[in-house]
């Protein structure tokens, strides 16, 4: 863990935000949060009154590949410095609070933050509290804004690792471009129209070959066009179907 930076060296502006964990009781939760940071492209971990993080203990065991960079590069910082030098977003469960009773109202969801945080011209930090009681009212009073994950009103409280993982997932657009995730290309590339037209022609040939009632063929072809129109066939899919239909059309003649 790196030492607390000098008070004369304020953190530089940054996007994405840092992730701050206040007074975590269990090293494993710190490791879980570090792992979620690694999953979603966050790098700067700030720890307020952390537990001992033994390289051979739970924190590093739970951190996955984040044990190589995020966790060992974590910075221990005081709560005073955190709220002084960062625009802070306290992540906490908000249970049916309104402007009459809550220390910080209104509040944002993680999805709201994903749209708004890029416009904040200051170093920002997402602040997560203790496992059992979260952030205290006194701490919330010193934090700039509140973020809460929408959940069942019967039981809205998530554990520390869950809350951090969900929040960082929702904010991944601040750290990862679309081509930096493991997901395959989601762009649909529709087969060329001449290929699709040949597919329809082959269907028409098959219907004739199997003596499908002639008075029903137009209606059947309209149905097939609707089905394949919704499917947005790729060229490979269309060519595969063409091959199958050719074989099916040829079989009656062979027999």
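The values are calculated or read from the model by the stated rules, or taken from the named source; none is laboratory data. What you are looking at is a predicted structure, and each value in this text was computed from that prediction instead of being measured. Cβ placement follows ideal geometry from the backbone for every residue including glycine, while neighbour counts extend to all protein chains displayed.
List of remarks:
- Taken across the range 131-146, residues that are within 24 Å of residue 27 (Cα to Cα), modelled with pLDDT of 85 or more and assigned to a strand (DSSP E or B) do occur, with at least one present.
- Subset of the range 195-211 [free of Cβ contacts under 8 Å to residues at least 24 places away in the same chain and surrounded by 15 or more Cβ atoms within 10 Å (Cβ to Cβ)]: 204, 207
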